[in-house]
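This report concerns only the one structure given below.
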Amino acid sequence: MEKTTPFTDLHIALGAKMHEFAGYNMPVEYSGIIDEHLTVCKAAGVFDVSHMGEFWVKGPNALEFLQHVTSNNVAALTVGKAQYTCFPNDKGGIVDDLLVYYYEPEKYLLVVNAGNIQKDWDWCVSHNEAGAELENSSDQMAQVAVQGPKAKEILQRLTPLDLSAIPYYAFATGEVAGCKNVLISNTGYTGAGGFELYFYPADALTIWNAIFRAGKPEGIKPIGLGARDTLRLEMGFCLYGNDLDDTTSPIEANLGWITKFTEGKNFVNRPELERQKKEGVARKLIPFEMIDKGIPRHGYEITDTDGNAIGTVTSGTLSPLLKKGIGLGYVKPAFAAAETDLLIQIRNKRLKARVVKGPFRK
């Protein structure tokens, strides 16, 4: 039985192309991926991301627990701020990447990937030596992301909170469209600006309808998971299950910046990740652009210009903005520098590509 979000019937009524994603019946596209992608870049779009998982971590031992299970330094957060981080596993890979919100003293909200909710929950419960109070609220929370350059202007019509006072990776809680206790976060996954709203499922349709009424002059549209993927890829943002998984380390994935070897922060598998940082890794995640016409896809082989295998594509698409194939992939470190020429095996051809400096969308 596929799970639903408070908006599933609405997506179907709007004629969305639906598909199973992480056990949920989710909209892949409405008006078409390219149209939806450009709508978010130029105006505003609304994503249903209610399938994401939410865990509360509470009590006097909350910080101690989070410092142990996550790679980033949670002690650096102040109330009202958020942090991108990951759960390192004990084999050098990643259980999941996630957001940590410092909600109030001794209370944090973790937002995890939909496909990993049970896995992450089991991981947290089994690594809770600190005795923090854990609560899985995934089914008691709905979420939409309103993204694009017009998003702030549209949402400001619905809330007394000053959205200009919420910087990147910060949040505030207040009223939206008359609904109380809505968490408004500025941590977008599209690179186009905007906010994510977390609220009770009972308020979902009120909030959705109010956003579309408020955004009508700007041409706001519902956006599916297809454009969510092309938008995040143009920004070079990793997707768990593609670019990150149980075998990829944060050091390999260029996530050294969320892996903090702070004094006293003894997180899971710290010694191994510290060793990798010092001694180097066997592969690095790189952004690349196609020079020849072709669309790279997950799992395609990457070779050097002589045809020797050097890595694998983890994410790829035709960039709606650049009108060319772009992708991410792991290669041997000798080939990871920008401007390095590569070949991508697309069907039975080896097509030219080049390592670039991310993001693709400047």
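The values are calculated or read from the model by the stated rules, or taken from the named source; none is laboratory data. Keep in mind that what you see is a predicted model, and the values were worked out from it rather than measured. FYI the Cβ positions are ideal-geometry reconstructions off the backbone, even for glycines, and counts take in every protein chain you see.
Is it the case that the stretch 162-183 has a residue that's within 24 Å of HIS51 (Cβ to Cβ), modelled with pLDDT of 95 or more, surrounded by 20 or more Cβ atoms within 10 Å (Cβ to Cβ) and not hydrophobic (A, V, I, L, M, F, W, C)? No; the residues of the stretch 162-183 include none that is within 24 Å of HIS51 (Cβ to Cβ), modelled with pLDDT of 95 or more, surrounded by 20 or more Cβ atoms within 10 Å (Cβ to Cβ) and not hydrophobic (A, V, I, L, M, F, W, C). For the stretch 326-337, the count of residues that are among the β-branched types (Val, Ile, Thr), in contact (Cβ under 8 Å) with a residue 40 or more places away in the chain and over 17 Å from GLY294 (Cα atoms) is at least one. When restricted to residues that are within 27 Å of ASP243 (Cβ to Cβ) and either touching a helix residue (DSSP H, G or I) at 6+ places or on another chain (Cβ under 8 Å) or in contact (Cβ under 8 Å) with a residue 40 or more places away in the chain (or both), the stretch 77-89 contains 9. A residue that is in contact with a helix residue (DSSP H, G or I) (Cβ under 8 Å, 6 or more places away or on another chain) and among the aliphatic types (A, V, I, L, M) occurs somewhere in the stretch 200-207. When ILE286 is tested against (1) over 25 Å from the mean Cα position of the chain (by Cα); (2) not in a loop (DSSP other than H, G, I, E, B), exactly one condition is not met: (1). Taking the criterion of being in contact (Cβ under 8 Å) with a residue 60 or more places away in the chain and among the polar types (S, T, N, Q), would at least one residue in the stretch 193-208 satisfy it? No, every residue in the stretch 193-208 fails to be in contact (Cβ under 8 Å) with a residue 60 or more places away in the chain and among the polar types (S, T, N, Q). Taken over the stretch 282-296, the criterion of being within 17 Å of ASP245 (Cα to Cα) and surrounded by fewer than 17 Cβ atoms within 10 Å (Cβ to Cβ) is satisfied by ALA282 alone. For the stretch 333-362, a residue qualifies if it is among the hydrophobic types (A, V, I, L, M, F, W, C), surrounded by 13 or more Cβ atoms within 10 Å (Cβ to Cβ) and under 24 Å from GLU279 (Cα atoms), and the qualifying residues are PHE335, ALA336, VAL355. Modelled with pLDDT of 95 or more, within 15 Å of the chain's Cα centre (by Cα) and within 21 Å of PRO333 (Cβ to Cβ) - does that describe any residue in the stretch 256-278? Within the stretch 256-278, one or more residues are modelled with pLDDT of 95 or more, within 15 Å of the chain's Cα centre (by Cα) and within 21 Å of PRO333 (Cβ to Cβ).
Candidates GLY311, GLY316: the one that is outside any loop (DSSP other than H, G, I, E, B) and closer than 24 Å to GLU36 by Cβ is GLY316. Looking only at the stretch 68-85, decide whether some residue is in contact with an Asp or Glu (Cβ under 8 Å, 6 or more places away or on another chain) and surrounded by 20 or more Cβ atoms within 10 Å (Cβ to Cβ). Yes, the stretch 68-85 contains at least one residue that is in contact with an Asp or Glu (Cβ under 8 Å, 6 or more places away or on another chain) and surrounded by 20 or more Cβ atoms within 10 Å (Cβ to Cβ).
For the condition touching a residue at least 40 places away in the same chain (Cβ under 8 Å), closer than 28 Å to LEU273 by Cα and either assigned to a loop (DSSP other than H, G, I, E, B) or more than 17 Å from the chain's Cα centre (by Cα) (or both), what is the one hit in HIS51, HIS68? Of the residues listed, the single one that is touching a residue at least 40 places away in the same chain (Cβ under 8 Å), closer than 28 Å to LEU273 by Cα and either assigned to a loop (DSSP other than H, G, I, E, B) or more than 17 Å from the chain's Cα centre (by Cα) (or both) is HIS68.
For the stretch 241-275, the set of residues classified as part of a helix (DSSP H, G or I) and crowded, with 18+ Cβ neighbours inside 10 Å consists of LEU273 only. Is it fair to say GLY92 is in contact (Cβ under 8 Å) with a residue 24 or more places away in the chain, of a type outside the set (D, E, K, R), closer than 26 Å to VAL281 by Cα and not in a strand (DSSP E or B)? Yes: the conditions hold for GLY92.
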